[in-house]
1. Going by the structure shown, is Asp224 at pLDDT 70 or above and surrounded by 12 or more Cβ atoms within 10 Å (Cβ to Cβ)?
2. Go through Tyr121, Tyr62, Tyr80, Tyr76 for me and flag whichever is of a type in the set (Phe, Trp, Tyr), surrounded by 15 or more Cβ atoms within 10 Å (Cβ to Cβ) and over 27 Å from Ser136 (Cα atoms).
3. Of the conditions (1) closer than 30 Å to Asn86 by Cβ; (2) open to solvent by less than 50 Å² (accessible area, probe 1.4 Å), Thr189 satisfies every one except a single condition; which number is it?
4. For Ser275, state whether it is modelled with pLDDT of 90 or more and of a type in the set (Ser, Thr, Tyr).
5. Within the range 134-173, how many residues are at pLDDT below 90 and either on the phi > 0 side of the Ramachandran plot or β-branched (Val, Ile, Thr) (or both)?
6. Do you know which residues across the range 271-282 are free of Cβ contacts under 8 Å to residues at least 12 places away in the same chain, aromatic (Phe, Trp, Tyr) and within 20 Å of Phe323 (Cβ to Cβ)?
7. So in the range 162-178, with the set limited to residues that are open to solvent by 70 Å² or more (accessible area, probe 1.4 Å) and of a type in the set (Gly, Ala, Ser), which one is nearest to Gly147 (Cα to Cα)?
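The values are calculated or read from the model by the stated rules, or taken from the named source; none is laboratory data. All values derive from a computational prediction rather than experimental measurement. As a convention, Cβ positions derive from the backbone with ideal geometry for all residues, glycine included, and neighbour counts pool all protein chains shown. All accessible areas refer to the heavy atoms of the entire protein, side chains included, with ligands and DNA or RNA removed. Shrake-Rupley method; radii C 1.70, N 1.55, O 1.52, S 1.80 Å.
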Amino acid sequence: MRNHAGTPLQKKSNYDVERQLSGSGDYAVDMAAMDDDASGGVRSARYSWYTSKDKSIDWSGYNIMPKQCIMHKGEYKIAYELFKHNNNGCKKHSKGLFLSEIGAFAEAYALQNQYDSLYTYGENQYGNPDSLDYTSCTAFEEANDDGSFTYVKLGCSDAGGLKLHTYSDSSCTVEITNNLGVYNDMKMTFGSCVSCTSNPAFDDDVSIAAMTDAGYTDDYANYDAKLCATVHSNKEMSQSCGWGCKRQVKKGQASSYDKSSGWNALEKFFLFFWSFAGIGLVWVVLKQRRMMSREDAIVEEAAMNGVGIKKRHVFPIALAIVFLTLLAMFMVWKKMTWLLLIGANVGLFAQFVFLRRKAKKANAGGDGYVKDAGLQIS
């Protein structure tokens, strides 16, 4: 078994039943041979996987999560996170963040999903992605008008997904824009927790008996981890994601989520709700401040001076908050938007309640009021 670049894999890698990692055309997996006796075919494939009897890693209970496709040190990589036993659906017990060469990861990911489909349904419902024909730099099948060829290779999209890139050279170093009509059809769900091992949903006692006589045991299922074993057991394919890499992945995920998702209908409703609520609260607070006693206004001004804020600063500060809120809305910075919008409403409401209580106490005591005393800004 060799990877997309022709390098032999170092771990248990006898994929005789697949012929090669799953792709289209000459590299497609022939599932038809397994359809008549699906369970036996599954067990045969699993037994083929363990021809070397290499049990160096027990993958039972492990999970893997593809995080994002990124450009790292001039090469496209898949960032993934590996989780140990009892990880509660990739929520804890992480072994860390790692990087894998994009072609090797895509091939192993497709193979894992094809066999998961075979184990569950008895047939390959995942399909044979054409994109896997371009895991290495490959000339497009049709020549250009001048006789030259355009080269295609699987890489990353701006949003952190997968994309087929076109190049003018056979090393795929000079990227060009050329509409060849080829698009990525590789289905990879980023952020999804995937089990490293899987089991058939059905069994054939006769086939299992034959496999047992041949040396197969159910323990092999714990080592049948086509994705995890391929990308993580081979140091040539996997490397740790350092501090800078982790920062890049985290930043890319936040950017991709915020910019691609935008504001949905429910979020837009609450944007309008909190915006109009804020306008209403500004009006009632200003109205209440017009009824402040001069004594309260002096006390308030003294308190503000104590923290270095003068009344003439209030209006510019309010304008700055409004500007930042509108900017965050426009840029779809969701956390910042909700913080500013809801925070402003809470602050205005607290100010209104405070002023209202002071007014009631003053009315009960018969204190005098000076109209607009609380609105003086100088």
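1. Spelling it out, Asp224 is indeed at pLDDT 70 or above and surrounded by 12 or more Cβ atoms within 10 Å (Cβ to Cβ).
2. So the residue among Tyr121, Tyr62, Tyr80, Tyr76 that is of a type in the set (Phe, Trp, Tyr), surrounded by 15 or more Cβ atoms within 10 Å (Cβ to Cβ) and over 27 Å from Ser136 (Cα atoms) is Tyr62.
3. All conditions are met except number (2).
4. Yes.
5. 2
6. Result: Phe272, Phe276.
7. Ser170
Residue-wise test of (1) at pLDDT 85 or above; (2) open to solvent by less than 70 Å² (accessible area, probe 1.4 Å); (3) within 30 Å of Leu266 (Cα to Cα).
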site: Gly306; (1), (2), (3): no, yes, no
site: Arg312; (1), (2), (3): no, no, no
site: Ile317; (1), (2), (3): no, no, yes
site: Ala344; (1), (2), (3): yes, yes, yes
site: Gly347; (1), (2), (3): yes, yes, yes
site: Gln351; (1), (2), (3): no, yes, yes
site: Phe354; (1), (2), (3): no, no, no
site: Gly366; (1), (2), (3): no, yes, no
